[in-house]
Amino acid sequence: MDIRPIRTEADYDWALAEVERYFDEPPAIGSPEGDRFDVLSTLIASYEAERFPLPDLDPIEALKAFMESAGKTQADLAELFGSKSRASEVLNRKRALTLNMVYRLRADWGLPSDLVARPYDLRAA
């Protein structure tokens with residue numbers, strides 16, 4: 001398994017390139033490639049947390065910031081969640097993120113679950 005510590009910006013860029021190839025076809029959980037993806041994602045998250053601390057964002061703000069930084073659109077979120085209306089309702093705080101949504105964000109996009117798996121306010125309908 002080709003994995004190394006992330007100590008420099010070059011190491012970080014290498015790790016990002018390595019996990020990026022899994023975005024279109026995520027590896028099976030528990031497979032050697034799935035384990036590699038998980039380990040690299042953890043290393044990247046640790047490096048980012050240390051070097052680029054995020055302000056304390058609520059889950060929807062964190063999701064929007066992640067989408068912007070990753071070049072993801074609302075259409076991409078709709079595809080991930082299975083519905084345009086569901087993605088819109090989540091982003092507009094009319095529907096709460098479900099456990100399955102949080103899982104898909106982590107598994108398919110690499111968004112750390114701890115950023116979105118906590119309580120937040122919904123808007124009244």
| message | Every residue in the range 83-119 that is exposed (fewer than 15 other Cβ atoms within 10 Å of the Cβ) and assigned to a loop (DSSP other than H, G, I, E, B), please. | response | Ser83, Asn92, Lys94, Ala96, Thr98, Arg118, Pro119
| task | Evaluate the range 31-40: report whether one residue or more is in contact with a Pro (Cβ under 9 Å, 6 or more places away or on another chain) and either outside the structural domain of Asp2 (by TED's automatic domain parsing) or small (Gly, Ala, Ser) (or both). | result | yes
| request: For the range 64-84, enumerate the residues that are within 15 Å of the chain's Cα centre (by Cα) and over 24 Å from Ile6 (Cβ atoms). | output: Lys64, Thr73, Gln74, Asp76, Leu77, Ala78, Glu79, Leu80, Phe81
| Options Leu40, Leu54: the member that is among the aliphatic types (A, V, I, L, M), within 23 Å of Tyr12 (Cβ to Cβ) and modelled with pLDDT under 90 | Leu54
| Quick one: in the range 38-47, which of the residues that are without any contact (Cβ under 8 Å) to a residue 40 or more places away in the chain and farther than 10 Å from Ile6 by Cα is surrounded by the fewest Cβ atoms within 10 Å (Cβ to Cβ)? | Thr42
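The values are calculated or read from the model by the stated rules, or taken from the named source; none is laboratory data. It should be emphasised that the depicted structure is a prediction, and the values quoted were computed from it without experimental measurement. Heads up, the Cβs are rebuilt from the backbone with ideal geometry, glycines too, and the neighbour counts pull from every protein chain shown.
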